[in-house]
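So the structure is just underneath, and the comments pick up after that.
Only the coordinates and a few stated rules stand behind these numbers; no lab work does. Since this is a predicted model, take the numbers as computed values, not measurements. Note that we place each Cβ from the backbone using ideal geometry, even for glycine, and neighbour counts take in every protein chain shown.
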Amino acid sequence: MTTPSELRLLPWSGPGDKPCYLSTDDPDGYMSRLADRVEAIQLGAARALLEEASEALDSQDTSPEEMRCLAKELTGALRDIFRVATSRGHLRATSDPSEFAY
């Protein structure tokens, strides 16, 4: 949950690859839920790409072109996951520590 003075980094970028932020105190609002769903999709895609990369690295039949394509896809997924981690880290740092069970 964000307070009125806090912004949530959204899991997508705007024009010119500039970051997008959400200002809300409603974690169940439409945009908050949409951002949560997009983050989940990005995490799932990264997981699938990681499995694909492991298989490609283990295979001697993977061509250099396939590896370049995979590297490009992994770079995009890593960019998305870094944005998610940054957003979640910020949200966690600004939240009440007692809310989290370790």
Legend entry - FRET efficiency estimate (nearest 0.05) - Cβ-Cβ, Lys72 to Asp36, R0 25 angstrom: 0.40
Legend entry - Estimated distance in nm for a label pair at Thr86 and Leu50, the labels positioned 7 Å out from Cα along Cα-to-Cβ: 2.0 nm
Inset, instruction - Subtract the Cα-Cα distance of Gln60 and Asp17 from 0.36 nm times their separation in residues, and report this length gain in nm to one decimal. - result: 11.8 nm
Inset, instruction - Read phi for every residue in the stretch 81-88 and hand back ³J(HN,Hα) as whole Hz from Karplus 6.51 cos²θ - 1.76 cosθ + 1.60, θ = phi - 60°, with x for Gly and Pro. - result: 5, 4, 5, 4, 5, 5, 5, 5
Inset, instruction - Arrange the peptides 27-34, 40-47 so that the one whose residues have, on average, the most other Cβ atoms within 10 Å appears first. - result: 40-47, 27-34
Legend entry - Under Karplus coefficients 6.51, -1.76 and 1.60, residue-wise ³J(HN,Hα) of the stretch 36-53 in Hz, glycine/proline x: 4, 5, 5, 4, 4, 5, 4, 5, x, 5, 5, 4, 5, 5, 4, 5, 4, 5
